[in-house]
Amino acid sequence: MVLVVVFGAALLVAVLLSGLAARTVLSTSFLFLVGGALVSDGFLGLIHITPDSEIVSVTADLALFAVLFTDGMHVSLPKLRANWRNPARALGLGMPLAFVFMALVTHYLVGLDWTTSFLVGAVLAPTDPVFASAIVGRAEVPAKLRQLLNVESGINDGLALPVVLVLIAAAGPTAGSADASGSTIALELGLGLAFGILLPLFVNGLVRFRLLGAEPKLQPLLPLATGTVLYATCHLTHANPYLAAFSAGAVLAHTSPEAKRSFEPLGEALAELAKFAALLVFGALLTPRLFGALSWGGYAAVVLAIFLIRPASMLLSLLGTRISRKERLVAAWFGPKGFASVVYGLLVLQSGIPQAAEAFTLVAVCIAFSIIAHSSTDVPIARAFDVEDLAGIPDGPDGDGTGSKALQLLGGTGET
């Protein structure tokens, strides 16, 4: 119950400060992360949460599913078919480059063995633009950039999971007896994609029956019911829930635009609540002991992961594209590590492989630093696209041209 009180208090503070956060570098995500850390054993000791606590894996899993489900609704399949090249480059070239570069840095700076180093690379490869909502969530930001980041983050979670499972199996003896064979992983991914496509189509078919249909006030609950059934089905059948969530959101939005419109306010609110709950619980794991357990080489690897590896990998993957320099720079910077990495990091820790604790510590610190860095820079960089008036974000308290300053930092000139 203490955790519920803390969550309610943090939510109240976040709502009251959300207007200020929309205009400044203050981040509501950061508030929950800090709130969780303050009430944990490392500080006030009001709640006791460890990495193997069930609440940690459950909240992270639910948050990732909810975020991917709503993210999928933002994907326009016709536009994606017409503009698939940039997301394909990010996924087919940028993600593997980040994976390999992170593995090299982890091995040489942290000292983990090669298999575990590649495992860390796979865990930190997925990105999560929920911590860059001022970029992905604003219609005024160029659609090409929003689509690139949204599709990349929605698909790379599912792509990274089989690699993580295979590398866990290869890293040494595990605590469980889960089968991580290639056929099993392929089956899980295939089932997730199949459920994500077929269930929304089935529900949409039911709605078209003359005797069936939701009255207006209950219509927003139809996608919610679909997502709930999908989540439970995936876990009962061991299908990949993250690939299922993203594909279901995209299919639902494509087949039933009216359902998407009615569900959008409720869906966004539920996704925010799930995100905040997961951040609070994850923040409770960020004790001084955790940060003290990471070596100087580990901190160097974290800095390189955020400021060099992701940006360099994305910029290399986008060479030769028609996307503007300013948009390439923004896409390169916004590669935050989020709930997918939390979930996969917990899989590593709970696997019991020889260097699981060292790998999780590096992953957890990297996620924490990434959340702080990316969620506190989304609004200033969104100003670079000259959308202050449309987005409801003033140029500055004294009209000091903050937007143009951010634009200069990006090396842009105002063109989109």
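The values are calculated or read from the model by the stated rules, or taken from the named source; none is laboratory data. These numbers come from a predicted model, not from an experiment. Every residue, glycine as well, gets a Cβ built from its backbone with ideal geometry; the counts of neighbours run over all protein chains shown. With ligands, DNA and RNA removed, areas are computed over all heavy atoms of the protein, side chains included. Shrake-Rupley method; radii C 1.70, N 1.55, O 1.52, S 1.80 Å.
Here are the numbers:
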{"quantity": "In Å², nearest 10: area of Ser183 left accessible to a 1.4 Å probe", "calculated": "90"}
{"quantity": "Virtual spin-label span in nm between Asn83 and Ser183, 7 Å along Cα→Cβ", "calculated": "4.3"}
{"quantity": "Contour excess over end-to-end distance, with Cα ends at Ser295 and Trp114 and 0.36 nm allotted per residue", "calculated": "63.4 nm"}
{"quantity": "Nearest-10 value in Å² for the accessible area of Val6, using the 1.4 Å probe", "calculated": "20"}
{"quantity": "Gain on full stretching of the segment that runs from Asp52 to Val303 - 0.36 nm per residue minus C-alpha separation", "calculated": "87.7 nm"}
{"quantity": "Nearest-10 value in Å² for the accessible area of Leu236, using the 1.4 Å probe", "calculated": "140"}
{"quantity": "Accessible area, probe 1.4 Å, largest first, for residues His238, His74", "calculated": "His238, His74"}
{"quantity": "Student exercise, the chain dipole from Lys, Arg, Asp, Glu Cβ charges, in Debye to nearest 20", "calculated": "920"}
{"quantity": "Label-point separation, Leu93 to Ala194 (7 Å along Cα→Cβ), nm", "calculated": "3.5"}
{"quantity": "Accessible-area ranking of Thr226, Thr50, largest first, probe 1.4 Å", "calculated": "Thr50, Thr226"}
{"quantity": "Where Leu198, Leu91 fall by accessible area, highest first, once all protein chains stay in place (1.4 Å)", "calculated": "Leu198, Leu91"}
{"quantity": "Computed over segment 212-298, Cα set: Rg, Dmax in Å", "calculated": "18.3, 62"}
{"quantity": "Nitroxide proxy distance, nm - points 7 Å out along Cα→Cβ at Lys217 and Leu273", "calculated": "1.9"}
{"quantity": "The chain - percent relative contact order, Cα under 8 Å, separation 6 or more", "calculated": "29"}
{"quantity": "FRET efficiency, Val15 to Arg208 (Cβ-Cβ, R0 35 Å, nearest 0.05)", "calculated": "0.35"}
{"quantity": "Euclidean distance of C-alpha centroids, segment 303-334 and segment 12-71, integer Å", "calculated": "28"}
{"quantity": "Value in Å of the Kirkwood radius, where the chain supplies the Cα pairs that are averaged", "calculated": "21.9"}
